[in-house]
Structure formats: structure tokens, C-alpha cells
Amino acid sequence: MSNPSLMPVEQALENMLNTVSTITDKETVELSEALGRILNRPVNSTLDVPGYDNSAMDGYAVRSSEAKKGSRLKVVGVAAAGHPYNDAIPENGCVRIMTGAPIPDSVDAVIIQENTEANQDKSEITVLQNVAESDNIRRRGSDIALGEEVIATGTRLSPVDIGLLASLGIEEVAVYRKPKIAVFSTGDELVAPGGKLKSGQIFDSNRYLLLAMLEKMGVEAVNLGRLNDDLEAISQALQDATQNCDAVITSGGVSVGDADFTKTALEQLGSVSFWKVAMKPGKPFAFGKLKDTWFFGLPGNPVAAAVTMDQLTQPVLKHLSGEKHISSESYQATAAEYLKKRPGRADFQRGWFEQDNNSQLKVSSAGSQSSAVLSTLKRANCFIRLEQDRGPVNAGEEVTILPFSSLLR
């Protein structure tokens with residue numbers, strides 16, 4: 001049964017996406033530096049691709065009216081990529097042609113070499129199979145037409161996009177400036193990796209986890225380090241972030257009722273809401289603005305921090321970056337075992353999915369679902385997303401799985 005005091009996951013995400021505006025700054029980068037950048041304006045083709053009719057196969061360029069089964073055609077020349085045949089072709093003549101070579105004037109088809117038989121000196125061929133007009137010809141502009149939009153604004157440029165832009169002769173593109181996202185940790189109990197733990201202390205894993213996730217997103221991550229539980233130090237760090245960064249992310253200290261220095265500093269510096277989101281793990285979540293800098297406060301447990309970063313914060317940061325929002329891929333799978341669940345919150349359980357012998361997707365729990373156990377996140381390849389009002393799941397029931405995004409793979 002839904003708890004009215006909890007905010008549904010979808011509503012929390014919608015609230016943030018409707019509040020955060022895309023950065024407007026742009027820059028021009030060379031194509032060699034454009035991988036992973038977000039396109040600031042659409043790219044329209046300035047030419048036809050291919051730029052001329054060309055052969056799709058190795059064979060012979062012919063007039064289809066003359067190339068009937070049993071016909072004999074005289075080979076009058078050769079056309080290769082970069083070396084077109086420009087002379088006239090006589091009646092019942094043909095041209096040996098290679099893949100990618102321009103189609104000579106006055107012919108209208110290519111017959112593949114397997115459908116011909118050449119005489120001993122290869123000066124003549126016999127047609128073994130009829131050929132129709134336009135067979136095996138790639139027409140000018142059939143791939144991309146002059147003026148056609150090739151890549152839309154908001155696209156994160158992939159290796160294929162880079163190759164496509166290069167094929168159009170484009171050497172530089174307009175992209176959005178990379179947003180600067182600051183991350184810091186707070187807590188006297190935290191120790192940086194490499195240090196020595198004292199009684200009651202733990203290593204600071206969340207900051208490294210979040211910075212690594214930001215790096216995979218392609219933003220400019222700013223590591224503000226670990227801060228002691230000191231109001232003045234935390235306030236100063238937040239103020240510094242508002243001077244230089246587009247957003248700041250912290251983890252821990254955002255639960256309703258927490259007596260935390262971060263919370264106190266936020267209330268003094270800006271307008272931040274402390275939510276209870278109907279998701280598990282990840283109920284405590286903070287969102288707001290400090291001057292012109294957005295703030296995201298994630299839960300303190302490492303798995304909860306990872307889940308809220310992936311499911312709530314990542315889409316908003318992509319929107320901030322100018323990237324088009326695309327919903328996460330989801331699939332239906334059969335639960336291979338009993339999954340514990342209580343109604344009230346959407347549950348993002350760590351799971352492992354694979355295809356069975358019948359090519360059906362099956363998913364199992366990856367182990368402990370405690371929000372403090374990071375190792376099961378390593379053993380998983382998906383989240384099993386169980387609906388807010390759903391109860392326990394029996395083996396054989398259908399569930400929704402979300403394969404891990406690139407942030408967690």
C-alpha cells in the first residue's frame with residue numbers, strides 16, 4: 001500500500017527535470033576531441049552521400065536492355081574506386097567495375113561477376129542471368145541527401161557519429177560546455193583510502209564511487225575532498241562550489257530529522273528540499289539550489305548513493321548537460337527465485353539476468369540487498385525494479401529488469 005508521505009520515484013525525477021535548465025554555454029571542438037560531447041546544434045549535410053551513383057558489387061556495368069541471359073557483351077574498359085571510366089560505351093559493350101566505382105554514363109545496371117562467364121582473354125562476357133535497371137547501383141544521395149539533418153541537437157556523440165561527421169567532411173562541431181560537478185564527503189568517521197582506520201572509522205568510498213560515475217558521464221568532476229564535521233568548513237566548501245561549479249553532490253546527512261552540519265549549511269545558503277522518496281534503497285534525498293548551483297544530496301549508504309545517482313541524479317545531470325533524455329532500457333524477465341518485498345516503496349534490487357536454453361530472460365538475486373553491501377552491486381548486472389505497491393515475488397512471476405547503465409558497468 002502506498003505511503004502518502006513518500007514521493008514516488010517518477011514524481012521526484014519529473015520535479016527535477018522540470019526545474020533544472022540546460023546550460024547555455026557552448027564551444028567549438030575539433031572532431032578528434034568530440035567523442036562523448038553533447039551536440040549544441042543540429043548537423044545538416046552539405047553534400048549528397050554517396051556523392052555519385054556507384055557500384056554496390058564487383059561485376060560489369062551494363063545497359064539492362066542489352067544484358068539478357070545468353071547475351072555476349074564486349075568489355076571496353078575498367079572502372080575502379082577513384083578511377084572512373086569516362087569514355088563512351090559502344091552498343092553491346094560493358095565496363096568491368098569494382099565496388100564503389102562511379103557508374104559510367106549510358107549504363108543503368110551492374111551485373112555481378114558470378115552471373116557472368118568471361119572468355120579466355122576476358123575481353124568478352126556471356127550473361128548467365130538477366131539483370132534489371134538499377135540492379136546493384138547505389139544512387140547518389142541514397143544514404144544522406146543534401147540538407148538532411150544527420151545528427152540532432154542533444155546527441156551525445158558516439159564513435160559512429162564521429163565517423164559519420166568525418167564522412168561529410170566536417171572537421172569541427174558546436175557542443176555544450178561540459179558542466180562542472182563538485183563532490184565532497186563529510187564526516188569525522190571517514191578516512192581516505194590508504195589511511196589507517198581507528199575504532200569507529202570507515203573508508204570514504206562514496207566520494208570515489210560518485211567521482212568515477214561522473215567521469216563516465218563525461219562531465220568535469222571536481223573533487224573537493226573530505227571535510228570534518230564542522231559547520232564553517234562545510235559552509236565554505238559549498239560557497240566555493242557556487243562560485244565555480246554548476247552542481248554539487250554530497251552523500252549522507254539528508255534524512256529528515258538528521259542533525260547534520262551539511263543540512264544546516266544548506267539551509268543557510270540556499271533553498272533545498274529534503275524529500276522522502278518511495279524507493280529502496282534511497283529514501284532520503286535532497287534537491288535544491290545554492291545561488292546558481294544545483295544541489296543533490298544522496299543517501300549515505302554506498303548502494304543507496306549509487307542507485308540514486310544512477311536513477312535520479314544521472315538523468316538530471318544529462319539534462320543539465322544538454323543531452324536528450326532517454327528512458328532507461330527495461331525488459332520483462334522471469335524471477336528464478338523468491339524475492340522478498342514489502343509494499344510501499346519501489347524496490348531496486350540487485351540482480352543477475354541471463355537467457356535460458358529457450359532464449360527466455362531469467363533473473364536471480366545477486367545476494368544481500370542491504371544498502372551497505374556494495375559487493376553485491378559488483379556481482380549484479382541489473383536492477384530488478386519491483387513496483388511501489390507490489391509485495392513479495394514468487395519464482396516464476398514476471399518482473400521488470402533494468403540492465404546496468406554505463407555508469408555501473
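The values are calculated or read from the model by the stated rules, or taken from the named source; none is laboratory data. Since this is a predicted model, take the numbers as computed values, not measurements. Neighbour counts are summed over all protein chains in view; Cβ atoms, including those assigned to glycine, are modelled from backbone coordinates with ideal geometry. Ligands, DNA and RNA are excluded from the accessible area calculation, which covers all protein heavy atoms including side chains. Shrake-Rupley method; radii C 1.70, N 1.55, O 1.52, S 1.80 Å.
The GNM of the chain, with springs linking C-alpha atoms under 10 angstrom apart, assigns the highest mean-square fluctuation among Ala237, Ala80, Ala145 to Ala80.
What's the whole-number percent of alpha carbon pairs in the stretch 1-92 lying beyond 21 angstrom?
I get 68 percent for the Cα pairs in the stretch 1-92 exceeding 21 Å.
Dimensions of the stretch 191-337 based on its C-alpha atoms, expressed as ranges along the principal axes with the largest first, amount to 51, 40, 31 Å.
Size check on the stretch 277-343: the Cα extents along the three principal axes, sorted descending, read 48, 28, 20 Å. Mean separation of Cα pairs under 8 Å and 6 or more residues apart, divided by the residue count, gives the stretch 1-128 a relative contact order of 26 percent.
Cross-link partners among lysines for Lys122, C-alpha distance below 27 Å, same-chain residues fewer than 8 apart left out? List returned: Lys68, Lys69, Lys74. By accessible area, using a 1.4 Å probe on protein heavy atoms only, the chain has 47% of its surface on carbon and sulfur. Label-to-label distance for Thr99 and Lys216 is 3.6 nm, based on points extended 7 Å past Cα in the beta-carbon direction. The calculated FRET efficiency for His83 paired with Asp121, based on their beta-carbon distance and R0 = 25 Å, is about 0.70. Can you compute log10 of I(q)/I(0) for the stretch 229-315 with the Debye formula, treating each Cα as one identical point scatterer, at q = 0.17, 0.18, 0.21, 0.25 Å⁻¹? Result of the Debye calculation: -0.64, -0.72, -0.97, -1.29. Relative to its residue count, the stretch 89-193 spans a Cα convex hull of 258 Å³ per residue.
Using the Cα coordinates of the chain, the gyration tensor eigenvalues translate into equivalent-ellipsoid semi-axes of 60, 27, 17 Å, sorted from longest to shortest. Straight Cα distances below 19 angstrom link Lys216 to the lysines Lys178, Lys180, Lys318, Lys324, Lys378, with same-chain residues fewer than 8 positions distant left out. In this simple spin-label approximation, Glu27 and Ala372 carry label points 7 Å from Cα along the Cα→Cβ vector, and these lie 4.3 nm apart.
Heavy atoms of the protein chains alone define the surface here; on that basis the chain has 50 Å² accessible area per residue at 1.4 Å probe size.
Across the chain, Cα pairs under 8 Å and at least six residues apart give a relative contact order of 17 percent.
For the pair Lys291 and Asn44, label points projected 7 Å from Cα toward Cβ lie 4.1 nm apart. Taking amide H positions as modeled 1.01 Å from N, with prolines and chain starts lacking one, the residues under 5 Å from Ile103 and 5 or more places away or on another chain are Asp53, Asn54, Ser55. Taking the stretch 269-301 and a reference point 7 angstrom along Cα→Cβ of Leu231, the backbone N atoms nearer than 14 Å belong to 269. Could you give me D for the stretch 147-274, from Stokes-Einstein at 37 °C and 0.692 mPa s, where the hydrodynamic radius is the Kirkwood radius over C-alpha pairs? Units µm² s⁻¹, please. So the translational diffusion coefficient is about 188 µm²/s.
Once the cut-off is 15 Å, how many percent of the Cα-Cα pairs in the stretch 300-409 end up in the long-distance tail? Tail of the P(r) past 15 Å holds 65 percent of the pairs. In summary, the convex hull built on the alpha carbon positions of the stretch 30-158 has an orientation-averaged projected area of 9.8 nm².
Each listed q (0.17, 0.25, 0.26 Å⁻¹) maps to a log10 I(q)/I(0) for the stretch 103-151 from the Debye sum over equal C-alpha point scatterers, namely -0.66, -1.00, -1.04.
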